[in-house]
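J.: Supplied in structure tokens, the structure appears directly below.
Each reported figure results from applying straightforward, stated rules to the coordinates on display, with no laboratory input. No experiment lies behind these values; they were computed from the predicted model shown. Because the Cβ atoms are built from the backbone with ideal geometry, glycine has one as well, and the counts that use them run over all protein chains shown.
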Amino acid sequence: MPLDGSPADGAARLVSPGGLESQPDADAFTEPSAGITGQAPSRSAEPLRDGVTDKDAAPGLRARPPGAKARGLPRLDAEDRAALGLWAAAHAALFVLAWAAAWAFRTSVDHAPLTGGFEHWDAVLLRNVAQYGYFGAHSTANNIAFFPGYPVTLAAAHLILRNWVLSELTVSAVAGCFAVVSLARLANGRRAVLYLLTTPAAVFLMIGYAEALFLALAIPAWHAATRGRWWRAAALAGLAGLVRPDALFLIPALAVLALVQPAGSPASQEPRSVERSRLACAATMCCALAGPVAYEIYLKVSTGSWLAWSRAMQAGWDLHLSNPVQALKTTWWAAFKHAFGAGTAFEFQLELGAMAVIVLATIAFALSQRWPEAVYCGLAAVALGTSTWYQGCPRTLLVLFPVFVALARLSSRRPWIGYVYLSISAPLAVVLGMMFLSGQWAG
């Protein structure tokens, strides 16, 4: 994210395009839950509505409202509507922050245009891709670092809405509706949605960035996998792989989910049959790699190099492979050694904090033997921790939705954990929102 919206600026190359306690509650992490690993929750058959029990419903899923199955139409239950209400409230807060940012940080007598606050950094670059493509006469250099899924969707929305800012806000708003409802269903409640929308980088879900669209595909993919719908999961994950490179963490995690799925009825299946079934499901999930691989092939055909994407990252944002110790030292230097302005140093401090959360989440999931979640978070930590310095950690944490599901389960048993999280995360979300909307670097 360039400091002036253009990768040509020297400082622009410093930015990437794109809580759990250190001693987590073991019960909250190890209790079987289909919302994460596909295992049925160990609860008694409690009535949900109209005599339907949670044993009658699919494992880990809320029962369908009465009449929905008969009509063949999906229905929104109370938790779904609550999740959408939280999403609407987050947008109301966004517009309040946009109004405040247009006036609060200006010394002149004029205010900034309200719509101008929504287009900074990557939003400008993603719009450039949507408007001119990767290799057009007016295309910004090194824009191939951005995957094509979001720009294509944005361009399609612009054909109807005819305004770029409105198209950006609409794409994120609609995609976010699918994301929050899917997350509420995955977590069996709205609490995980609340924690997602109050994470420090939450502003990027609602503006012209690709995070909301990615989650709108990634969470349903995980949800489908927990229900044994592997081809649907592979298709959704493959589409997510055209939106953000984080799908390269998601797809292996879903393959691991296929390998550790419950065996079903031991009396009706032989061990070899179970193993073959698991391997077949994992192979199906690997088909999702077709999405990111297709983009890589496109870059090879267009540029003649298999390294075009990594070269664009290095040329545009000075990001390249580094050893983890050096990456940590460089980030620490940027955060605390007064190498940059206070706002930039603050952002690097947030990078360190977000990386710490991702690492702790990986360890907690691994100790709880929740291997799919551990793989998802662990691969993200490895990728972020072996770059020039930590870049985009808060935004990556935003798409690691199993963290919010686990946090919701922890806080349902120990409410004070949720209070501590909100007391830290929500103020930081407001600060980052104000920073972005006023044109400062916010990650």
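J.: For segment 183-193, just list the computed ³J(HN,Hα) in residue order, Karplus coefficients 6.51, -1.76 and 1.60, θ = phi - 60°, integers in Hz, with x standing in for Gly and Pro.
T.: Here the 3J(HN,Hα) series is 5, 4, 6, 5, 8, 6, x, 7, 4, 4, 5 Hz.
J.: Dimensions of segment 102-199 along principal axes (Cα, Å, largest first)?
T.: 48, 40, 27
J.: Let me ask something additional. Compute from the Cα atoms of segment 288-443 the Rg and the Dmax, the latter being the longest Cα-Cα distance, and quote both in angstrom.
T.: Over segment 288-443's Cα set, Rg and Dmax evaluate to 17.7, 55 Å.
J.: Please give the length that would be gained between Leu259 and Glu296 if that part of the chain were fully extended, namely 0.36 nm times their separation in residues minus their C-alpha to C-alpha distance (nm, one decimal).
T.: 10.6 nm
J.: State log₁₀ I(q)/I(0) for segment 206-324 at q = 0.23 Å⁻¹ as given by the Debye formula over alpha-carbon point scatterers of equal weight, solvent excluded.
T.: Computed log10 I(q)/I(0) values: -1.20.
J.: Shifting gears a bit: Please state the charge dipole magnitude for segment 77-226, taken about the Cα centre, from unit charges on C-beta atoms (+1 on K and R, -1 on D and E), reported in debye and rounded to the nearest 20.
T.: 100
J.: With Cβ to Cβ distances under 11 Å as the rule, what net charge do the other residues near His223 carry (K, R +1; D, E -1)?
T.: Neighbourhood net charge equals +4.
J.: Mind ordering 201-209, 303-311, 408-416, 115-123 by average Cβ neighbours within 10 Å, highest first?
T.: The packing order, highest mean first, is 201-209, 115-123, 408-416, 303-311.
J.: Here's a follow-up. About its Cα centre, what dipole magnitude does segment 254-346 give when the only charges are +1 on Lys and Arg Cβ and -1 on Asp and Glu Cβ, stated in debye to the nearest 20?
T.: 140
J.: From the phi of every residue in segment 272-277, what ³J(HN,Hα) in whole Hz does the Karplus formula 6.51 cos²θ - 1.76 cosθ + 1.60 yield, where θ is phi - 60° and glycine or proline is x?
T.: Working through the residues one at a time gives 5, 5, 5, 4, 5, 5 Hz.
J.: Give me P(r) over segment 259-380, computed from all C-alpha to C-alpha distances, binned every 10 Å, as integer percentages.
T.: All Cα pairs, binned at 10 Å, distribute as 11, 21, 27, 25, 11, 4, 1 percent.
J.: Rank-order 385-397, 164-176, 281-293 by packing density, defined as the average count of other C-beta atoms within 10 Å over each peptide's residues, highest first.
T.: Those peptides, ordered most packed to least, come out 385-397, 164-176, 281-293.
J.: Cα-based Rg of segment 155-219 per 2.2 N^0.38 Å, rounded to two decimals?
T.: That works out to 1.15 for segment 155-219.
J.: Figure the gain on full extension for Ala280 and Thr303 (residue separation times 0.36 nm, minus the Cα-Cα span) and round it to one decimal in nm.
T.: 4.7 nm
J.: Once amide H atoms are placed 1.01 Å from N in the peptide plane, what residues at a sequence separation of 5 or more from Val243, or on another chain, have their amide H within under 5 Å of its amide H?
T.: Gly149
J.: Next question, about the same structure. Quick one: Karplus J couplings for segment 167-176, per residue in order, coefficients 6.51, -1.76, 1.60, θ = phi - 60°, nearest Hz, x for Gly and Pro?
T.: Running phi through 6.51 cos²θ - 1.76 cosθ + 1.60 with θ = phi - 60° gives 5, 4, 5, 5, 4, 5, 5, 5, 4, x Hz.
J.: Using Cβ contacts closer than 10 Å as the measure, can you line up Lys337, Lys300 from fewest to most?
T.: Lowest count first: Lys337, Lys300.
J.: Right, something else. For Trp332 and Ala104, FRET efficiency with R0 = 30 Å and r from the beta-carbon atoms, rounded to 0.05?
T.: Using R0 = 30 Å, I get an efficiency of 0.45.
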